[in-house]
Amino acid sequence: MDFKNEIKRRRTFAIISHPDAGKTTLTEKLLLFGGAINTAGSVKGKANSKYAVSDWMGIEKERGISVTSSVLQFEYDDYCINILDTPGHQDFSEDTYRTLMAADSAVMVIDGSKGVEAQTIKLFKVCVMRHIPIFTFINKMDLEAREPFDLIDEIENVLGIRSCPINWPIGAGKRFKGVYDRNTENVSMFQAVSVGGAKGAAENTLSVHDEALKAEIGDELYDKLMEDIELLDGAADEYDQEKVDRGELTPMFFGSALTTFGVRTFLEHFLKATNPPLPRLTDEGVADPMEEEAFSGFIFKIQANMNKAHHDRIAFMRIATGRFDASKDVYHVQSGRKFKLSQPQQIMADDRKIIEEAYAGDVIGVFDPGVFSIGDTICAPGKKFTYEGIPTFAPEHFARLVPTDSMKRKQFTKGVTQLAREGAIQIFKDYTLDLSEIIVGVVGVLQFDVLKYRLENEYNCEVRLEPLPYNYIRWVKDKTLDLNKLKRISDCKKVKDMDDNPLLLFANEWSIRLICEHNEGLELEEFKKN
Ligand code: G4P
């Protein structure tokens, strides 16, 4: 197959959700369809599970959670699908955000009984910043769920995106009868196909115009369905592919991942409506995988110690254009060095498969010879452009980091600096000249444990973390502004990042508003573009 067709058939997306909405279950069902796994239960290693996607660090085992993430690749029809799996527990990290930078679209899984939850909102904001298509899967319709029109309202009001239901549920929980497909006007009758390797039975469908439907679902649900259809046809947004492409309209699906109901319909619609690898911005203009034949990619994540025996680091690279050939040299733009990428591998669950080639859209892991940083560009020798950087996302937890043994200051500084470069933590110093104080910021509190563990285990340096009472950080847009001149600033902390950018730490959103009100022209930012 010529290389453009290889690229065209690729779909690279991330699944975003609040923990427990069903991201893992949905991912598993998609993998089952693609034949990539044979039994449900292989994706996430819960506490005592025999399977685990990754257990690269003792801490993961101790807490029974998966800190790391992987890339799941499988084939379905003629598509080659890359699912960028993101840590799905409460304590997610900045990596979860960064993974979205490598995706071309996102699937938002929402628990039908809960609606839009906190973590979904955070991840959603990153998708919006990138203007990528977002598809919504309202899950757990086999359990009691909220009124679907309420869910639509909430998605539109809380997230600020328009929605277009592709199908519509008939009842929920014990009275869940199935979904109505607004295009075909057919109703798929609900049947559970949950067990093990089942790929989903042939769906039993009835036309909405079929007399038999009333008998199947009962008068009450039938009448409600007719009313809902009328309301939807009159009031819901029409499907508009351009708006979907720009991330302004989310196609919405209802189903039940656990019972595999509605998953295939969702996947098939999704594959048709989503894009092959998208063009990306570089300092020399747009690099379009459909035009540009030469290989290029960027690093969006670095993970240390995947192999405990060696202190190695794996960098995750999203291939942005062309074909990667493992036998050829590549050029690392930031260091100006040319080399072969060592041990390029596909990282899927426990499997690490050494690969010889990969295409735009794919994500591969490569051994980091110690030169990579997040956002770096790698391309074919002879080229010399850089991809738009990966933004720095606002941490939400802060602590003062103190080495318990002052003799080990050197290891401490080295460890902290390296971990910050890897993107596991962000470090800040006081705005005044007190250089000895190091403040760490993390997106999820688990990263504090990871930091302590790694400093002790990899750098032989014990540390104490003194939590600080701040949860919000904002970059000050005007770098030259003297923070000491700001008014009403007493309850926030002034800091600088390692590039000397000024920032403010706040205890709550109220104090952010207060300071903006009292300092005309002050512009604060939640992401820092790099
Ligand atoms: P997450 O990755 O988003 O955190 O969620 P996950 O898929 O692990 O699902 C969370 C829980 O919800 C799991 O139950 C899962 O079986 C259940 N679940 C997911 N989709 C559906 C659905 O469509 N219907 C119903 N009824 N349940 C669903 P658990 O008991 O917490 O875990 P497990 O013991 O089943 O692994």
Low-density loop positions, trypsin sites (Lys or Arg not before Pro), region 211-286 - DSSP coil, at most 16 other Cβ in 10 Å: ARG246
Apportionment of accessible area to carbon and sulfur, region 251-371, percent (1.4 Å): 49 percent
For region 395-477, run through the trypsin sites (Lys or Arg not before Pro) and keep only the ones in DSSP coil with at most 15 other Cβ atoms within 10 Å of their Cβ. LYS477
A correct Karplus calculation of ³J(HN,Hα) over region 11-24, with 6.51 cos²θ - 1.76 cosθ + 1.60, θ = phi - 60°, whole Hz and x for Gly and Pro, returns 10, 10, 9, 10, 9, 10, 6, 7, x, 6, 6, x, 4, 5
Among the listed pairs LYS174/LYS224; LYS452/LYS528; LYS8/LYS384; LYS125/LYS528; LYS177/LYS214; LYS140/LYS214, which are separated by more than 20 Å between their Cα atoms? LYS452/LYS528; LYS8/LYS384; LYS140/LYS214
Could you work out the Kirkwood radius for the chain, taking every pair of different alpha carbons, averaging 1/r and inverting it, reported in Å? 24.7 Å
Beta bridges per DSSP with both ends in the chain, % antiparallel, nearest 5: 80 percent
Those chymotrypsin sites (Phe, Trp or Tyr not before Pro) in region 341-402 that DSSP places in a loop and that have at most 13 other beta carbons within 10 Å: PHE385
Cα pair distances in region 334-428, grouped into 10 Å bins until the bin that holds the longest one, percent each: 11, 32, 32, 19, 5
Kindly report the accessible area of the chain per residue (heavy atoms of protein chains, probe 1.4 Å, no ligands, DNA or RNA), in Å². 43 Å²
Using a probe of 1.4 angstrom, how much of the accessible area of region 457-526 is carbon and sulfur, in percent? 43 percent
If you take the Cα atoms of region 213-288, find Rg, then find the Kirkwood Rh from the mean of 1/r over all pairs, what is Rg/Rh? 1.16
Semi-axes of region 129-277 from the Cα gyration tensor (sqrt of 5 times each eigenvalue, largest first, whole Å) come to 25, 19, 14
Give the peptides 13-23, 480-490 in descending order of average Cβ contacts within 10 Å, highest first. 13-23, 480-490
For region 377-530, what's the relative contact order in percent, using C-alpha pairs closer than 8 Å and at least 6 residues apart? 30 percent
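The values are calculated or read from the model by the stated rules, or taken from the named source; none is laboratory data. This structure is a prediction, so every number in the text was calculated from the model and none was measured. Cβ atoms come from the backbone with ideal geometry, glycine included; neighbour counts cover every protein chain shown. Quick note on the areas: whole protein, heavy atoms, side chains included, nothing else; ligands and nucleic acids left out. Shrake-Rupley method; radii C 1.70, N 1.55, O 1.52, S 1.80 Å.
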